[in-house]
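Before any comments, here is the structure.
Where a number appears in this text, it was derived from the coordinates with a stated rule and is not lab data. All values derive from a computational prediction rather than experimental measurement. Here Cβ is always computed from backbone atoms with ideal geometry, including for glycine, and neighbour counts include all displayed protein chains.
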Amino acid sequence: MEIKKITEQEVNDIIQKEKIDLSSFEVRSTLNPKIFDGDQHMYEEIRSRLLMIADDFFETLNVEWVDIDDIILTGSLANYNW
């Protein structure tokens, strides 16, 4: 399968930057209060459930020779633009 490269102008023509509405994008001063209790502490029941989900997923990989060192939460719920 061949991937067609497009030019920056073609990208700009597709995106039409002037039509993008960023008015709903708001950087907030706190993390989402439904997930986090205070500045950087996730509610324990949410944290526990997410760790269970990650553990269940990891078990399906069948890679017993690998140990989990860290789990990183990414996305809008992990920062100040939720």
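Scanning the range 29-40 for residues that are part of a loop (DSSP other than H, G, I, E, B) and either surrounded by 11 or more Cβ atoms within 10 Å (Cβ to Cβ) or of a type in the set (Ser, Thr, Tyr) (or both) gives Ser29, Thr30, Leu31, Asn32, Pro33, Ile35, Asp37. Is there a residue being in contact with a helix residue (DSSP H, G or I) (Cβ under 6 Å, 6 or more places away or on another chain), of a type outside the set (Gly, Ala, Ser), in a loop (DSSP other than H, G, I, E, B) and surrounded by 10 or more Cβ atoms within 10 Å (Cβ to Cβ) anywhere in the range 9-28? Checked against the condition, which is being in contact with a helix residue (DSSP H, G or I) (Cβ under 6 Å, 6 or more places away or on another chain), of a type outside the set (Gly, Ala, Ser), in a loop (DSSP other than H, G, I, E, B) and surrounded by 10 or more Cβ atoms within 10 Å (Cβ to Cβ), the range 9-28 yields no hits at all. Among residues of the range 41-72 being closer than 30 Å to Thr30 by Cα and part of a loop (DSSP other than H, G, I, E, B), the one that is nearest to the chain's Cα centre (by Cα) is Ile72.
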